[in-house]
Amino acid sequence: MKVLVIGGGIGGLTTALSLEAAGIGVEVFEKTPAIEALGVGINLQPNGVRELTELGLDDQLKAVAIETSTLGYYNRFGQPIWSEPRGRAAGYAWPQYSIDRGDLQMILLAAVRQRIGEQRISTGHKLVSFEQWSGGVTANFIDGASGKPLPPCKGDALVGADGIHSAVRAQLYPQEGPPVSSGRIQWRGVVEADPFLDGRSQVTIGSRDARAVVYPISEKTRRGGRSLINWVTVLGRQLASDQPGTWDRRAPKDRFFAHFRDWNFDWIPFADLVAATEEIFEYPKDDRDPLPRWSFGRVTLLGDAAHPMRPIGSQAGSQAIVDGRVLAHALATADSIEMGLVDYERQRLPIMNEIILKNREFGPSIIMDMAEERAPSGFNDIERVIPRRELEEISRSFKITAGFDPETLNRRASLSTKLK
């Protein structure tokens with residue numbers, strides 16, 4: 001069996017590694033001229049870290065990523081609403097990591113090159129169409145830079161892991177149109193500074209229409225006594241961007257900084273961090289509506305091509321990793337490719353569709369809106385604003401929906417074990 005994976009991002013590369021581990025042939029096609037270390041920070045939840053650990057990548061992650069200790073929510077006055085331990089401190093068998101997306105991309109790419117071979121990775125290949133028949137799939141490409149036709153490639157199955165603007169999804173759903181705008185814009189940056197809190201915490205400040213997410217992403221910098229800090233700001237009721245979101249759309253601070261210039265608190269000088277950041281990236285906060293199905297014969301979708309979601313609860317990257325592992329197991333154990341893809345969809349689609357909708361409702365971050373609505377001028381005692389049991393239930397419910405509550409995740413047999 002040979003599977004054609006369209007897209008060389010986190011989901012595509014993890015899928016390639018998972019297929020190889022299951023004894024299935026694979027080729028990866030990426031439309032950009034080279035797979036590079038692009039992007040800023042990303043959080044890997046224990047459900048994603050577990051699968052990367054099963055792929056033998058935990059040592060590489062430990063060397064560069066921060067093992068996140070705590071997640072905290074604060075109102076716009078810097079007052080704590082809720083905090084909880086993360087990763088092993090929360091009872092998981094695996095950590096949560098905060099990592100530079102580019103570092104993660106390079107870890108995955110190095111593993112693919114070593115285990116599958118450089119010759120199985122084709123860059124500059126932009127998918128324009130595919131055809132399938134009873135015995136396989138043909139993918140048709142053009143050169144991503146020149147637009148000239150490239151030789152087609154045949155395989156037994158095709159996986160669209162080509163992101164929110166997926167060419168595979170567009171062929172399967174030609175009437176869908178562009179992504180769904182939330183009306184909000186994000187700005188992101190990375191800056192080296194003194195550590196805040198314990199140097200391993202992720203914090204979210206504000207509420208839905210004006211908020212910041214902040215966390216460190218470099219273990220090497222932490223060991224040197226400093227912190228490489230990834231920050232994100234979000235403003236609501238913005239005009240939709242005139243271009244699709246990309247990692248290289250730079251923007252000046254004056255687009256958003258006025259809303260956050262007073263956000264220096266005794267535990268984090270957030271406004272100063274933004275002011276010290278040299279490069280800032282802007283992109284719209286978009287998703288797509290849930291799909292009724294991903295798999296059509298020998299073709300399926302994965303990651304952001306299947307379930308692009310708003311970045312709430314730090315789930316998109318982790319869920320793409322889980323997708324790849326579930327897909328490989330399904331194909332390795334099914335009686336036919338078609339049945340394997342249907343089984344993969346059966347396991348993953350309902351969960352992902354629910355997360356898409358929950359994230360539109362602000363996911364576990366809804367507690368920030370609750371605090372703003374109930375105590376717009378701040379509070380002296382959060383228990384009088386939101387009872388602790390209510391906060392605990394919101395947190396627990398989202399973990400269960402996303403498939404990473406510690407009790408369920410720790411006792412579930414690994415996919416590697418199932419394949420033995």
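Couple of notes before you dig in:
- For the chain, a crude dipole built from +1 on the beta carbon of Lys and Arg and -1 on the beta carbon of Asp and Glu, taken about the Cα centre, is about 320 debye to the nearest 20.
- For peptides 209-217, 101-109, sequence by mean Cβ density within 10 Å, most packed first: 209-217, 101-109
- Taking all protein chains together, MET368, MET339 sort by accessible area into MET339, MET368, largest first [probe 1.4 Å].
- Under the criterion of Cα pairs below 8 Å and six or more residues apart, the relative contact order for region 175-322 equals 28 percent.
- Each Cα pair under 8 Å and six or more residues apart adds its sequence gap; the mean of these over the residue count of the chain is a relative contact order of 21 percent.
- Contact order normalised by residue count of region 37-113, Cα under 8 Å, 6+ apart, percent: 44 percent
- In this simple spin-label approximation, ARG255 and ALA275 carry label points 7 Å from Cα along the Cα→Cβ vector, and these lie 2.2 nm apart.
- Distance violations [Cα-Cα > 29 Å] among LYS31/LYS285; LYS2/LYS220; LYS126/LYS358; LYS2/LYS62; LYS154/LYS399: LYS2/LYS220; LYS126/LYS358; LYS2/LYS62; LYS154/LYS399
- Accessible surface area normalised per residue over region 110-268 is 50 Å², counting heavy atoms of protein chains with a 1.4 Å rolling probe.
- Accessible surface of the chain [probe 1.4 Å, protein heavy atoms]: carbon and sulfur percent: 49 percent
- Per-residue [θ]222 nm for the chain (sum of -39500 (n - 2.57) over DSSP H runs n ≥ 4, rounded to 500): -10000 deg cm²/dmol
- Overall form of region 1-154: prolate. Here a/c, set by the Cα gyration tensor axes a ≥ b ≥ c, is 1.5 or more, and a/b is the larger of a/b and b/c.
- Interchain or long-range residues, amide H under 5 Å from SER129's placed H: ASN140
- Peptides ranked, highest mean first, by Cβ atoms within 10 Å: ranges 64-77, 159-172: 159-172, 64-77
- Global form of region 257-388, assessed from the alpha-carbon gyration tensor, a/c cut-off 1.5: prolate
- Across ILE116, ILE6, the residue with the most accessible area heads the list, and the full order at a 1.4 Å probe is ILE116, ILE6.
- If you take all other residues with their beta carbon under 11 Å from the beta carbon of LYS31, and give Lys and Arg +1 and Asp and Glu -1, the sum is -2.
- If you sort the three axes of the alpha carbon gyration tensor as a ≥ b ≥ c, you get a/c of 1.5 or more for region 179-328 and a/b no higher than b/c, which makes it oblate.
- Heavy-atom accessible area for THR204, with the other protein chains in place and a 1.4 Å probe, reaches approximately 10 Å².
- Between GLN347 and ARG396, the simple label model (points 7 Å from Cα in the Cβ direction) yields a spacing of 2.7 nm.
- With the convex hull drawn around the C-alpha atoms of the chain, the volume per residue stands at 138 Å³.
- Between PHE77, VAL322, GLY183, the Cα set farthest toward the positive side of the dipole of the chain (charges on each charged residue's Cβ, about the Cα centre) is that of VAL322.
- For GLU354 and ARG389, the difference between the fully extended length at 0.36 nm per residue and the C-alpha to C-alpha distance is 10.3 nm.
The values are calculated or read from the model by the stated rules, or taken from the named source; none is laboratory data. The shown structure was predicted, so the numbers you read here are calculated from the model rather than taken from an experiment. Every residue, glycine among them, receives a Cβ derived from its backbone with ideal geometry; neighbour counts consider all protein chains shown. Note: accessible area is taken over every heavy atom of the protein model, side chains too, but ligands, DNA and RNA are not part of it. Shrake-Rupley method; radii C 1.70, N 1.55, O 1.52, S 1.80 Å.
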